1. Is the shape of segment 219-354 best called rounded, prolate or oblate, per the rule: a/c under 1.5 gives rounded, else a/b larger than b/c gives prolate, else oblate, with a ≥ b ≥ c the square roots of the Cα gyration tensor eigenvalues?
2. To two decimal places, what compactness ratio does segment 205-256 give when its Cα radius of gyration is scaled by 2.2 N^0.38 Å?
3. For a quick protection proxy, order the peptides 385-396, 276-287 by their average other-Cβ count within 10 Å, most packed first.
4. Using a 7 Å offset from Cα along Cα-Cβ at LEU192, what residues in segment 165-180 end up with backbone N under 19 Å from the label point?
5. Label segment 156-216 by shape, choosing from rounded, prolate and oblate, from the square roots a ≥ b ≥ c of the eigenvalues of the Cα gyration tensor; if a/c is under 1.5 it is rounded, and otherwise prolate applies when a/b is larger than b/c, oblate when it is not.
6. Taking 0.36 nm per intervening residue step and subtracting the Cα-Cα distance, what contour gain separates ILE38 from LEU24 on full extension?
7. As a footprinting exposure proxy, order SER50, SER344 by other Cβ within 10 Å, with the fewest listed first.
8. What does the convex hull of the alpha-carbon atoms of segment 327-381 project to on average, in nm²?
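What follows draws every value from the coordinates through simple rules; no lab data is involved. Predicted, not measured: the structure shown is a model, and the values here were computed from it. Positions of Cβ are backbone-derived with ideal geometry, glycine not excepted, and every protein chain shown enters the neighbour counts.
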Amino acid sequence: MSSSSGSSPTLEEHLNRKTFLMGLQLWTVIGIAVGISIFAVLLLLVACLSLRHHRHRHRHRHLSTSMHRWGSSLPLTQIPTISKEIKEVTSNYLFEPSIQDIIQPNESETAKIDSDSYRYMTPEDDARHSISPLVGLPEFSYLGWGHWFTLRDLELATDHFSKDNIIGEGGYGIVYRGQLVNGSPVAVKKLLNNLGQAEKEFRVEVEAIGHVRHKNLVQLLGYCAEGTQRMLVYEYVNNGNLEQWLHGAMQHKGFLTWEARIKILLGTAKALAYLHEAIEPKVVHRDIKSSNILIDDDFEAKVSDFGLAKLLGAGKSHVNTRVMGTFGYVAPEYANTGLLNEKSDVYSFGVVFLEAITGRDPVDYGRSPNEVNLVDWLKMMVANRRSEEVVDPTIEARPSTRELKRALLAALRCVDPDSNKRPRMGQVVRMLEPDGPNLHEDRRHRRHRDETAGAEAQRDNSDTDASDNPDSKPLRTRKGRQ
């Protein structure tokens, strides 16, 4: 008994001993310490996760400042996935080729040409031509052009997309007027994400005009791709569109003169010639109409809204697609078959041409049955020799008879039911230019030139036959015997 009573205490006895901490037993103190340690570890994990989430939320907000400080060191994981899937449209021209190059292109010539004087341009000339609205902003974009705007950037520019800044609405989105931090006015197109339509239109517009530059195309300055948000940022054109000028919405500013209408049509034709004939792949707009032709303060046309555009690669004569566009402007062969090419744009331009001449809507059910369709009515008036009656009555200084006939003939060629007979847009530019050819005289000249060339070829063949065979008789003699 004495030996057992003098042995050392067991573990259980140690754990049951009271400590100096408020008389708590040792096992209780150990349990409390373990619990506090676990709680501290969990608290530290929560703090780390919260900090990481906070950084992630504010990374886009500070991206512009970060890019200015760190250059292009942003992790690739931040690149919007849409940008990796967008094709590149290559262009050899800053503005547009000369008409001579459009009609008779020189494949070896890749010089950049100014659209007004057709003189060769250097990059320094182009820099002096205009000041970019992006001056002062970080020159960064994952697509290699324009600027990647954050959602925060565009919220600030549009006063959080205020209703007061809405300047246009359509089936695919809302357009807001905005002002960048550098003071430049812009138009922000916020695409509606209806069944992925925003994503689709975003890709189409970026593919179609992201890389191209022409003074008669509305310039796409940049884009925003954050989460499900898809927005496009354009230069701001503040003088209305052709539809508003023709049909009264801009009446408080007066009416378009004949010269202004021809200038706007010429600019539109140049833009389409550039899209069809100067870049690869060519771009078919697919929705040319008067409301998509914006007008600047100098009454220069700016073709806009490429949401329905299609790219037509080399070697492709057409693309088979769902019929889209605006009723009254759609080419008949496209409406009937779904086969689309650049001649569909030519037809739509022809309708706009007639709309500018007459001041009438392409389709107007408020008129008598034989005047509902603008194209059919105008063809009837021309056939009945009543061309002088089709001119828009709001034009004070009417065009001369020669000018009117020349314009009507050009427009009617564009709306020819046979797409193969329609001119290319480069040819339309020539028709609209002040020193352009008279259509009848040009046709007679080509016929005379072809007949002359044929006669010379026959004489050359005859001389060759005679020199090769001295005993042979003239070609016309052999024909006579036959």
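1. oblate
2. 1.53
3. Highest-to-lowest ranking by the protection proxy: 276-287, 385-396.
4. 165-177
5. oblate
6. 3.0 nm
7. Going from least to most buried by this count: SER50, SER344.
8. The directionally averaged projection comes out at 3.9 nm².
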